[in-house]
Amino acid sequence: MTKLTLRSLGGAGTVTGSKHLLELGGRRVLVDCGLFQGLKALREQNWAPLPIDPASIDVVILTHAHLDHCGYLPKLVREGFRGDIVCSAATADLAEIIMMDSAKIQESDADFANRHGFSKHKPALPLYGKHDAEKAIDRLKPIGFDVPTDLGHGLQLTLRYAGHIIGAAIAEVRWGGKTIVFSGDLGRYGDPITPDPAAVARADYLLVESTYGDRRHEAVAPGEALQAIIERTTARGGTVVIPAFAVGRAQELLYHLSQLKAAGRLPLTPVYLDSPMAIDASDLLCRHGGDHKLDADTCRKSCAVATYTRDVEDSKRLSANRMPKVIISASGMATGGRVLHHLKAYGPDARNTILFSGYQAAGTRGQALIGGAREVKIHGQWIPIRAEVANLPMLSAHADVDEILRWLSGFERPPTRTFIVHGEAGGPIGLKARIEQDLGWSCTISAQDEAYVLS
Ligand SMILES: [Zn+2]
């Protein structure tokens, strides 16, 4: 008898590297294919071969376009994957932007390391390049939301809105007579931009994320908190540097800033969006009007609140210009990208503020700074941090524990088995305790590489 098995090759016991493999009768489906980020021991897994041959995977389902869910695709394709990568239309557009940007960062980091000689690898090579990303982009196959789609091999997929970021989906998979639901990353209820996570009525097997499985978001209006931080920083002549996920968070910040400006608050503070990827993602938001809550006019006004800097020279000028201002720049956990140059320029001065705007994974500079680190290593050099370090966790794109429970309560009956994934430290343990206590479902915290026989 053919068995349906589940095995997580990443995104289990960690919030990055999501890769969940379903196998049935010799066929393989991979749900998400993300990069590991953060701790060195995790990042090194990006370089190790996958425990299965990429050519043996028949199809990839992509829940959303964040790098920790799609960033390994160029390597998967380079190593022999030849199937379709199925996702929503907005995710396909965003994944293209994100994979090309990631390839560019991989190439320029390798180049920078070679020129400055601080890598122990000689020569330092990129994990993948732009050419590999282009090949992965060619395999993207967009489908609509809420329409069951036949993917071959007896496999049926329905995407439901997950909120989180534009295009993000909950994947409802029918295979071998069973329904397996992957929550993907769940968004927040009542977010001004993204839709609420869609209720799912039934699942035989469920994988649910647990990023905030042990935490509740503060009930503070993000606009108010943002205004207070910007006002006190500019009053002392400082600049607010916001490391932000280029996709999702940057647009949410622009929305809140444009609302503040429209209300006559922060009238004089210039805002810069210094990330070509975030600029592209903002344009995309206006193109996919049906996938979010903003009307066309609000969307246009939100995007227009900032001065965009695409050019590297403009970005450098921004680092050198000491007028009080707000700079939004990627990456969100300060693991790479242009924001590192701004941290080098603004971090050592106590008048400035470094403002984080969401979850900071273990091992990232973001987590170190929020944890009180007063120096961080950037481009091989220790940079002293005297700037104020603040955080707006309520701007997170992830549901907190109460919101995850609210989504789970939409199921008509308990799944046969519930697996907790995509969490680290207390997240999965906290969520397991809450599910058992509130819903009475038994659940398993998935371990990486462990195969679970479902049926
Ligand atoms: Zn995500």
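The values are calculated or read from the model by the stated rules, or taken from the named source; none is laboratory data. What you see is a predicted model; the values in this text were computed from it and never measured. Glycine gets a Cβ as well: all are built from the backbone with ideal geometry, and neighbour counts include every protein chain shown. Accessible surface areas use protein heavy atoms only, side chains included; no ligands, DNA or RNA. Shrake-Rupley method; radii C 1.70, N 1.55, O 1.52, S 1.80 Å.
Quick look at the numbers
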| item | result |
| --- | --- |
| Region 142-196, accessible area per residue, ligands and nucleic acids excluded (1.4 Å, Å²) | 31 Å² |
| Region 130-235, Cα convex hull volume normalised per residue, Å³ | 174 Å³ |
| Surface accessible to a 1.4 Å probe, per residue, for the residues of region 1-43, Å² | 33 Å² |
| Greater than 26 Å apart at Cα, pairs in Lys40/Lys130; Lys19/Lys316; Lys40/Lys178 | Lys19/Lys316; Lys40/Lys178 |
| Degrees between helix 276-287 axis and first principal axis of the chain (Cα, 0 to 90, nearest 10) | 60 degrees |
| Nearest-20 debye value, the chain charge dipole, Cβ charges on Lys, Arg, Asp, Glu | 1000 debye |
| Rounded tilt (10° steps) of 222-235 against the dominant C-alpha axis of the chain | 30 degrees |
| Relative contact order (%) - the chain, alpha-carbon pairs under 8 angstrom, separation at least six | 19 percent |
| Relative contact order, percent, region 222-395 [alpha-carbon distance under 8 Å, six or more residues apart] | 30 percent |
| 0 to 90° range, to nearest 10: angle between helix 249-262 axis and the chain longest Cα axis | 50 degrees |
| Using a Förster distance of 25 Å, the FRET efficiency for Arg386-Glu231 (Cβ separation, nearest 0.05) | 0.80 |
| Positive dipole terminus of the chain, leading residue within Ile229, Pro54, Ala90 (C-beta point charges) | Ile229 |
| Cα extents of region 222-395 along the three principal axes, largest first (Å) | 45, 33, 30 |
| Region 202-302, accessible surface, carbon-and-sulfur percent (1.4 angstrom probe) | 52 percent |
| Segment Glu436-Ser409, extension gain: residue separation times 0.36 nm, minus the distance between their alpha carbons | 8.5 nm |
| Gain in span if fully extended, Asp311 to Lys377, counting 0.36 nm per residue against the direct Cα distance | 21.3 nm |
| Å² of accessible area per residue within region 321-364, as computed with a 1.4 Å probe and no ligands counted | 25 Å² |
| Distance between modelled label sites at Lys104 and Gln156, nm, 7 Å Cα→Cβ extension | 4.2 nm |
| Within region 222-395, percent of DSSP bridges classed antiparallel, to nearest 5 | 20 percent |
| Cα Rg, Dmax, the chain, angstrom units | 21.3, 71 |
| Potential extension, Asp283-Ala451 segment - 0.36 nm per residue separation minus Cα distance | 56.3 nm |
| Rounded to 5, percent antiparallel among DSSP beta bridges of the chain | 45 percent |
| Net dipole in debye of region 222-395 [+1 Lys, Arg Cβ; -1 Asp, Glu Cβ; about Cα centre; nearest 20] | 480 debye |
| Mean separation of Cα contacts under 8 Å, 6 or more apart, over the residue count of region 232-327: relative contact order % | 48 percent |
